[in-house]
2 protein chains.
Amino acid sequence: MERTVVIALGGNAILGPGQEGHLEEQLANVAITMNQIADVIAEGNRVVLTHGNGPQVGAILLQNDLALGQVPAMPLDVCGAMSQGMLGYMIQQVLSNALEERDIDLSVVSLVTQATVDPDDPAFDDPAKPIGRFYSEEHAQSRAAEAGEAWIEDAGRGWRKVVPSPEPEKIVEAQAIQTLLTQGAVVICMGGGGIPVICAEGRYRGVEAVIDKDLGAERLAEDVGADVLLILTDIDNVMLDYGTPEEEALTDVTLQEAERYLQEGQFAAGSMAPKVEACLRFVRWGGDAIVTSLDRALDALQGEAGTRFAART
Amino acid sequence: MERTVVIALGGNAILGPGQEGHLEEQLANVAITMNQIADVIAEGNRVVLTHGNGPQVGAILLQNDLALGQVPAMPLDVCGAMSQGMLGYMIQQVLSNALEERDIDLSVVSLVTQATVDPDDPAFDDPAKPIGRFYSEEHAQSRAAEAGEAWIEDAGRGWRKVVPSPEPEKIVEAQAIQTLLTQGAVVICMGGGGIPVICAEGRYRGVEAVIDKDLGAERLAEDVGADVLLILTDIDNVMLDYGTPEEEALTDVTLQEAERYLQEGQFAAGSMAPKVEACLRFVRWGGDAIVTSLDRALDALQGEAGTRFAART
């Protein structure tokens, strides 16, 4: 019963909060994560790995800023591609080593991945996804005035640039990813949600936007015909009434329940809400979806942990 | 008569001498290059594209330097992976658009590519490949003293860091590249010669080195069983007695002739010599090899231009 599992890694899989981003830190985190992923592969699952890139793109954007005047800055789509190369390299090397320790001989490869978005997506009228580091109000206002960028004040911590977060429509490299999967490769792709591109008259071009990484992983899971979408995050289960005395861990959730909870606003926007939304979409499409922590990934795939979404339980 | 052609793009295919590296410049160069490559594909050739990354890695290294203290610097292998993501993205998008204009519907994908090197390669005792920008003697000497780096004075233009340039042994992702080729994809890989890694007891780790991009492309051509290695450079033909009144364009060259010319020192080290060496190796292995300019690529594949290497003419 070999299943194809699209795994969406959480941000902490590579860089934890408060860490500065030294390569050694990142590699140590990736090693912990890839040990678990290698166990999932050892169980006979075909795996596609997707991952975030927030801290890494933040670092690249800051380097662009600090080197201005000496090195031409690259736009966000190109910085995203750089982060895909960097993280793909780290993940493929470490995962390949973890598989070798288990005497598993599989190709592990990373693909630069683009996802088309609709230029008429309403998100383009309402940039809401913060990127990069925090800056002063002065910097934010000058960038807004001079470069037409959108900036917001973020909870007293300073100002951050915001970009649109449109819906992913089609994964440009889906066919190649499926080809590799069919031949037994482990594929790393869709880093940072995929590079958002607009397709006009058959021609692609990058846009300044960020696709939600869980929604991107879901779209990919459909496009490659996966059996399971496994979203890994910091907690073992999706919670109802999170942070209150009544909080409750969800185990099996039907489509109808998930829709109701989303409507009730049970889940944080930009955090758990898109994860549950991604699961909903994948279950509607006909697959199974799970949200859990890295540590419970294997148990969750065996139906013994995590929050599992199904058309009906 | 569909042939598999590994094309090694020259540096000018993406960024010309004197250009600063603005994205628009790079994309304009890539568009010119990809128009020619699309014509090669339109003729029915299966294509693997490899490319240099010197100016791009130079820019990333400089950004690392200028952002030190605020963003942890990444070692050369990780910077190389970043450049593979960046250049892979640009090339795959532009080539895909060029194919679309020709009504050719093929997947175009970029893979992060590693190549193993021997830790006992003599190159590690003699770092000779310059990377990054020119610096002052003061900077060079302090880096040499504090970080144990090797620096050389380069023809009065300043000081540059040098790293070993070992031989490529095995392309780690060769199997996946071949799988994609077999399924009709155009594959972009081996950016910058591939990321050099050492494999010890089945475990890979990156090393600070640069693989010659033409020798890397040759190794790949063997590993994927290509028919032709096509090395593109600034001139239409390899020249004998280059720059002298006796200079002569080579058209058909046998193994024996090429070996003799190399021994005579006819070709510049780090420039034409490794290209001819790569061709020699590929012909010895059993393939055809060509050196020519981008403009003559298609004619050269049809035997009507370029310098063509064969076991015997």
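The values are calculated or read from the model by the stated rules, or taken from the named source; none is laboratory data. Here the structure is a predicted model, which means the values were calculated and not measured. FYI the Cβ positions are ideal-geometry reconstructions off the backbone, even for glycines, and counts take in every protein chain you see. Areas reflect the complete protein model, heavy atoms only, side chains present, ligands, DNA and RNA absent. Shrake-Rupley method; radii C 1.70, N 1.55, O 1.52, S 1.80 Å.
I want the local charge near residue A:305. Using Cβ-Cβ distances under 13 Å, sum +1 for each Lys or Arg and -1 for each Asp or Glu among the other residues. Don't skip to the end; give the middle numbers.
Working: positive: A:296, A:308; negative: A:236, A:252, A:295, A:299, A:304.
After counting each charged neighbour, the total is -3.
Please give the average number of partner chain Cβ atoms lying within 10 Å of the Cβ of each residue in A:60-72, rounded to a whole number. Mind dumping the intermediate values first?
Numbers: counts 6, 1, 4, 12, 4, 5, 9, 8, 2, 1, 7, 11, 9.
That average works out to 6.
Using a label point 7 Å beyond Cα on the Cα-Cβ vector, give me the inter-copy distances for residue B:32 in nanometres, one decimal, shortest first.
5.1
Kindly identify the stretch B:129-287 as rounded, prolate or oblate by the Cα gyration tensor criterion: order the square roots of the eigenvalues as a ≥ b ≥ c, call it rounded if a/c is under 1.5, otherwise compare a/b with b/c, prolate if a/b is larger, else oblate. Present the calculation step by step, with values, prior to reporting the outcome.
Details: a/c = 2.32, a/b = 1.12, b/c = 2.06.
Judged from the Cα gyration tensor, the stretch B:129-287 comes out oblate (a/c at least 1.5, b/c at or above a/b).
Check each of the trypsin sites (Lys or Arg not before Pro) in the stretch B:144-187 and keep only those in coil by DSSP with at most 15 other C-beta atoms within 10 angstrom; list them in order. Before the final figure, lay out the partial values.
Working: sites: B:157, B:160, B:161, B:170; in loops: B:157.
In loop regions of the stretch B:144-187 (DSSP not H, G, I, E or B), the sparsely surrounded trypsin sites (Lys or Arg not before Pro) are B:157.
Can you work out D for the stretch B:1-66 in µm² s⁻¹ from Stokes-Einstein, where Rh is the Kirkwood radius over C-alpha pairs, the temperature is 37 °C and the viscosity is 0.692 mPa s?
Numbers: Rh = 13.2 Å.
Translational D for this selection: 248 µm²/s.
Per the helix-only calculation at 222 nm, which mean residue ellipticity applies to the protein assembly as shown, given -39500 (n - 2.57) for every DSSP H run of n ≥ 4 and division by its residues, nearest 500 deg cm²/dmol?
Numbers: 18 runs with 236 residues, N = 626.
Here the helix-only value at 222 nm equals -12000 deg cm²/dmol.
What would the Debye equation give as log₁₀ I(q)/I(0) for the stretch B:85-156 at q = 0.14, 0.16, 0.17, 0.21 Å⁻¹, counting only Cα atoms as equal point scatterers?
Those come out to -0.73, -0.79, -0.82, -0.95, one per q.
If you find the alpha carbon centre of the stretch A:1-80 and of the stretch B:60-98, how far apart are they in angstrom?
The stretch A:1-80 and the stretch B:60-98 have Cα centres spaced 15 Å from each other.
Looking at chain A, what % of its DSSP beta bridges pair antiparallel, to the nearest 5?
Values: 19 of 45 bridges.
Of all bridge pairs located within chain A, approximately 40 percent are antiparallel.
With a/c under 1.5 counting as rounded, go ahead and sort the stretch A:179-233 into rounded, prolate or oblate using the C-alpha gyration tensor (a ≥ b ≥ c being the square roots of the eigenvalues; past the cut-off, prolate if a/b is larger than b/c, else oblate). Kindly include the intermediate steps, with their values, before the conclusion.
Numbers: a/c = 2.28, a/b = 1.44, b/c = 1.58.
Cα axes put the stretch A:179-233 in the oblate bin.
To the nearest 10 degrees, how steeply does helix B:76-101 sit against the main Cα axis of chain B, on a 0 to 90 scale?
Result, in degrees: 30.
Once you order the gyration tensor axes a ≥ b ≥ c over the Cα atoms, which shape class does the stretch A:255-311 get: rounded for a/c under 1.5, otherwise prolate or oblate by comparing a/b with b/c?
Values: a/c = 2.14, a/b = 1.38, b/c = 1.55.
Because a/c hits 1.5 or more and a/b fails to exceed b/c, the stretch A:255-311 counts as oblate.
What does the convex hull of the Cα atoms of the stretch B:230-280 come to per residue, in Å³, rounded to a whole number? Walk me through the numbers on the way to the answer.
Numbers: hull volume 4.3 nm³, N = 51.
Per-residue hull volume (Cα only) is 83 Å³.
Got the residue A:244 label distances to the other copies yet, label 7 Å along Cα→Cβ, in nm, shortest first?
From this label point to the equivalent ones elsewhere in the assembly: 8.9 nm.
To the nearest Å, what is the center-to-center distance of the stretch B:107-143 and the stretch B:197-214, using C-alpha atoms only?
Each part's Cα centre sits 11 Å from the other's.
Under the convention of a label 7 Å out along Cα→Cβ, give the distances in nm from residue B:264 to the same position in every other copy, shortest first.
So the distances to the same position in the other copies read 8.6 nm.
Taking the Cα centre of the protein assembly as shown as the origin and placing charges on Cβ (Lys, Arg +1; Asp, Glu -1), which of B:8, B:267, B:182 is farthest toward the positive end of the dipole?
Of the listed residues, the answer is B:182.
Quick one: buried accessible area between A and B, total over both chains, 1.4 angstrom probe, nearest 100 Å²? List each step's numbers first, then the result.
Details: alone 15060 and 15050 Å², together 25580 Å².
Rounded to the nearest hundred, the buried surface is 4500 Å².
How much net charge surrounds residue A:47 when only other residues with a Cβ under 14 Å from its Cβ are counted (Lys, Arg +1; Asp, Glu -1)?
Details: positive: A:3, A:46, A:102; negative: A:2, A:39, A:43, A:227.
Within the 14 Å Cβ shell, the charges total -1.
Kirkwood Rh, the stretch B:1-129, all Cα pairs: how many Å? Kindly include the intermediate steps, with their values, before the conclusion.
Values: mean 1/r = 0.0605 Å⁻¹.
Roughly 16.5 Å, rounded to one decimal.
With a 1.4 Å probe and all protein chains left in place, how much of the accessible area of the protein assembly as shown comes from carbon and sulfur atoms, in whole percent? Walk me through the numbers on the way to the answer.
Details: 11510 of 25580 Å².
Solvent-exposed carbon and sulfur of the protein assembly as shown make up 45 percent of the total.
Excluding residue A:183 itself, calculate the net charge of residues whose Cβ lies under 14 Å from the Cβ of residue A:183, where each Lys or Arg counts +1 and each Asp or Glu counts -1. Intermediate values should be presented prior to the final figure.
Details: positive: A:46; negative: A:2, A:105, B:173.
My count for the surroundings of residue A:183 gives -2.
Say each of residue A:262 and residue B:120 gets a label point 7 Å from the Cα, pointing the same way as Cα to Cβ; how far apart are those two points in nm?
6.0 nm
Could you please point out the chain A residue with its Cβ nearest to the axis of the rotation taking chain A onto chain B, and the distance in whole angstrom?
A:85, 1
With everything on Cα atoms, drop me the angle between helix A:213-223 and the longest principal axis of chain A, reported from 0 to 90° to the nearest 10.
Rounded to the nearest ten degrees, it is 50.
With no solvent and one point per C-alpha, what does the Debye sum give as log10 I(q)/I(0) for chain B at q = 0.10 Å⁻¹?
The calculated log intensity ratios at q = 0.10 Å⁻¹ are -0.56.
Taking Cα atoms, how many degrees apart are the long axis of helix A:54-66 and the longest axis of chain A, rounded to 10 and kept between 0 and 90?
It is inclined by approximately 20 degrees.
Rounded to two decimals, what ratio of Rg to Rh does the protein assembly as shown give with C-alpha atoms and a Kirkwood Rh? Let's see the in-between values first.
On the way: Rg = 24.9 Å, Rh = 25.4 Å.
With Rg and the Kirkwood Rh in hand, the quotient comes to 0.98.
Order of B:73-83, A:130-140, A:276-286 by packing, highest average Cβ count within 10 Å first?
Values: B:73-83: 24.3, A:130-140: 16.1, A:276-286: 19.9.
Highest-to-lowest ranking by the protection proxy: B:73-83, A:276-286, A:130-140.
About its Cα centre, how strong a charge dipole does the protein assembly as shown have in debye, to the nearest 20, once Lys and Arg get +1 and Asp and Glu get -1 at the Cβ? Walk me through the numbers on the way to the answer.
Details: 42 positive and 98 negative charges, 47 e Å.
Magnitude of the dipole: close to 220 debye.
Can you give the log10 of the normalised intensity I(q)/I(0) at q = 0.15, 0.21, 0.23, 0.28 Å⁻¹, computed with Debye over equal Cα scatterers of the stretch B:65-120?
-0.64, -0.85, -0.92, -1.07
Sticking with the crude label model, points 7 Å out along Cα→Cβ, report the distance from residue A:102 to residue A:241 in nm, one decimal please.
Each label point is offset 7 Å from its Cα along the Cβ direction, giving 3.9 nm.
Write down the accessible area per residue of chain B in Å², having rolled a 1.4 Å probe over the full set of protein chains. Could you put the intermediate results ahead of the total?
Numbers: 12790 Å² over 313 residues.
Computed with neighbouring chains in place, this is 41 Å² per residue.
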